[in-house]
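Colleague: Here you go, one structure.
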Amino acid sequence: MRYEYRTGVTKTKSGSKIWLALPVFGLLVGGYILITALAPQITVFSEPVDTTAKRLVAEKPNISQNRLYIPKINVDVEIVDINGDEKTALEKGAIHRAPNNGNPSEGGNFVLAAHRFQLGWNPELTRKKSPFYHIDQMQKGDQFYVDYDGTRYAYEVSDKKQVPSNASEIEQRTDEDQLTLYSCSLAGPDAGREVVIAKPIGTIAWDTGSPKLKPRS
């Protein structure tokens with residue numbers, strides 16, 4: 001209510017407060033969405049950069065689950081079979097594309113794909129749903145690892161490139177054994193794909209409680 005000496009006490013319109021609150025609410029919601037979308041770039045929402053590297057030194061290969069570890073970009077995700085539902089599989093980790101074309105134990109082209117950017121309900125979920133967000137930071141010589149059927153395989157990046165979104169040849173079987181990682185461009189699936197090619201360099205054996213590289217023969 002409001003007092004005015006000539007008219008006395010009068011009621012004010014409550015609707016004016018609502019109209020004042022709406023812009024504030026809009027700013028808060030917009031700010032939250034922006035922070036959530038930028039979560040993979042904001043270090044406060046990420047694990048320490050050496051988390052994956054420390055885990056590889058401290059833990060033996062996972063015999064119950066196939067996993068992908070990339071210390072350079074702090075990736076530690078499950079390798080998931082598509083089983084006819086690619087969308088659901090991608091929500092769980094990196095999917096094994098074209099399984100008939102290769103895997104670590106049988107050779108060929110072992111192809112793994114994962115989301116580059118997928119918005120979640122909160123910053124932490126966005127980060128977890130976007131495991132390949134920093135795939136463009138990988139360089140030749142970077143090493144990463146795969147747990148597959150109880151063995152930990154070591155790989156070294158030999159090439160990286162960008163290809164059109166319809167470049168299906170990246171999934172084809174190869175004469176030489178390799179691992180292919182790929183994800184779409186940050187500009188969207190139609191803008192192309194980021195591709196990383198790696199060669200197997202050996203397996204990881206545990207000796208007196210620590211990992212040792214057993215070079216490929």
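Since every read-out is calculated from the coordinates, none of them should be taken as a lab result. Here the structure is a predicted model, which is why all the values come from computation and not from measurement. Don't worry about glycine lacking a Cβ; one is built from the backbone with ideal geometry, like all the others, and counts go over all protein chains shown.
Colleague: By how many nm would the segment from ALA205 to ASP175 lengthen if fully extended, with 0.36 nm per residue of separation less the alpha-carbon distance?
Modeller: Details: separation 30, 0.36 × 30 = 10.80 nm, distance 2.65 nm.
Stretched fully, the ALA205-ASP175 segment lengthens by 8.1 nm.
Colleague: Continuing with this model, one more query. What chymotrypsin sites (Phe, Trp or Tyr not before Pro) does the range 133-211 have in DSSP loop regions with at most 14 other beta carbons within 10 Å?
Modeller: Counting only loop positions with at most 14 other Cβ atoms within 10 Å, none of the chymotrypsin sites (Phe, Trp or Tyr not before Pro) in the range 133-211 qualifies.
Colleague: If you don't mind, there's one more thing I want to ask. Could you size up the charge dipole of the range 74-118 around its Cα centre, putting +1 on the beta carbon of Lys and Arg and -1 on that of Asp and Glu, and report it in debye to the nearest 20?
Modeller: Computed charge dipole of the range 74-118: roughly 160 debye.
Colleague: For the range 50-194, what relative contact order do you get, as a whole percent, if you take Cα pairs closer than 8 Å and at least 6 residues apart?
Modeller: Values: 297 pairs, mean separation 35.8, N = 145.
RCO, the range 50-194: 25 percent.
Colleague: Same structure again: How long is the gain from THR88 to LYS214 if the chain were fully straight, where each residue apart is worth 0.36 nm and the alpha carbon distance is subtracted?
Modeller: Length gained, THR88 through LYS214: 41.8 nm.
Colleague: Need one number: nm distance between label points at SER168 and SER105, each 7 Å from Cα along Cα→Cβ, rounded to one decimal.
Modeller: A separation of 2.9 nm, rounded to one decimal place.
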